[in-house]
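A short worksheet on the structure shown next.
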Amino acid sequence: MSAEPGILAIFHQCRAGHEAEFEAWYQGEHLIERLAVPGFLFGRRYKGVAPTAGYFCFYLVETPDVLTSKAYLERLDNPTPLTRKMMSDVFVGMNRTICRRVARRGHFRGAFAVVARSAGRQDDAAFAGAFDKLVDDLKVAGGEIWAANDAGTPVSKEEQLRGGDKRITGALMVETLYQEDAEAVGAQLTKQFPQADVGIFRALCEIGRSDL
């Protein structure tokens, strides 16, 4: 794998009253469809822990170029009937960014993720300093730093159906085994990065290429 694999980082909400069909689509069609695209390696879904609202999902791919490849763009521009319905009627507040994974520490995935995402100028040195201190704590399962890599990405049919997406400039993600540890990390990052959007999420499911 490349020294800097790609990450597709997605944050959104589900329109109230559509939760059951949303889950049926995600579990029954969408995750499997996405992991079948060449270069996709792993995907993981989370749901916000109060007061964090909405959902968070990320995909790990071989390189950021996978997310602008012909195979993937064809998938985005030819959504299934269910995907068309989800994108136009169910997804709310879509925030979707192609990123490079510039750092990864730790051998484990945790049950909870704390994500500090930046929409403005990202202080890479500050993120890296916080990251190094956090991942040395045994309460932390692992962590990653992502930097946006989607300048000039064409607007797909799926994004048109959603009415346009927001973007981040980067993110610091820290995973823990226990909710209380995630909450402590979240409080720390909120103080350290007051301009960032810090959320706490609980893992729902994951899928790897070998699971297909």
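Checking the structure you have, find out if any residue of region 157-165 is of a type in the set (Gly, Ala, Ser) and within 24 Å of Arg109 (Cα to Cα). No, the conditions are met nowhere in region 157-165. Somewhere in region 165-173, is a residue assigned to a strand (DSSP E or B), in contact with a helix residue (DSSP H, G or I) (Cβ under 6 Å, 6 or more places away or on another chain) and either among the aliphatic types (A, V, I, L, M) or without any contact (Cβ under 8 Å) to a residue 40 or more places away in the chain (or both)? Looking through region 165-173, at least one residue is assigned to a strand (DSSP E or B), in contact with a helix residue (DSSP H, G or I) (Cβ under 6 Å, 6 or more places away or on another chain) and either among the aliphatic types (A, V, I, L, M) or without any contact (Cβ under 8 Å) to a residue 40 or more places away in the chain (or both). Filtered by the rule that a residue be within 23 Å of Ile32 (Cα to Cα) and β-branched (Val, Ile, Thr), region 83-105 gives Thr83, Val90, Val92, Thr97, Ile98. What pairs come up if the first residue lies in region 124-152 and is under 21 Å from Asp165 (Cβ atoms) and touching a residue at least 60 places away in the same chain (Cβ under 8 Å), the second is among the acidic types (Asp, Glu) and not in a strand (DSSP E or B), and their beta carbons are under 9 Å apart, counting only those six or more places apart or on different chains? Every condition considered, the pairs that remain are Asn149/Glu4. Scanning region 198-212 for residues that are at pLDDT below 95 and either within 21 Å of Ser118 (Cβ to Cβ) or not in a helix (DSSP H, G or I) (or both) gives a single hit, Leu212. Considering only residues in region 87-108 that are loosely packed, with under 15 Cβ neighbours inside 10 Å and out of contact with any strand residue (DSSP E or B) (no Cβ under 6 Å at 6 or more places or on another chain), the one that is nearest to Phe22 (Cα to Cα) turns out to be Asp89.
For region 24-40, the set of residues classified as outside any helix (DSSP H, G or I) and either surrounded by fewer than 14 Cβ atoms within 10 Å (Cβ to Cβ) or within 16 Å of the chain's Cα centre (by Cα) (or both) consists of Ala36, Pro38, Phe40, listed by residue number. Checked against (1) over 28 Å from Ser69 (Cβ atoms); (2) surrounded by fewer than 17 Cβ atoms within 10 Å (Cβ to Cβ); (3) without any contact (Cβ under 8 Å) to a residue 40 or more places away in the chain, Gln160 passes all but a single condition, namely (1). No other residue among Asp181, Asp132, Asp150 is under 17 Å from the mean Cα position of the chain (by Cα) and either of a type in the set (Asp, Glu) or assigned to a helix (DSSP H, G or I) (or both) apart from Asp150. Every condition in (1) in a helix (DSSP H, G or I); (2) crowded, with 19+ Cβ neighbours inside 10 Å holds for Gly43 except the one numbered (1).
One residue stands out among those in region 46-77 that are β-branched (Val, Ile, Thr) and not in a helix (DSSP H, G or I): the one that is surrounded by the most Cβ atoms within 10 Å (Cβ to Cβ), which is Val61.
The values are calculated or read from the model by the stated rules, or taken from the named source; none is laboratory data. Here the structure is a predicted model, which means the values were calculated and not measured. Neighbour counts are summed over all protein chains in view; Cβ atoms, including those assigned to glycine, are modelled from backbone coordinates with ideal geometry.
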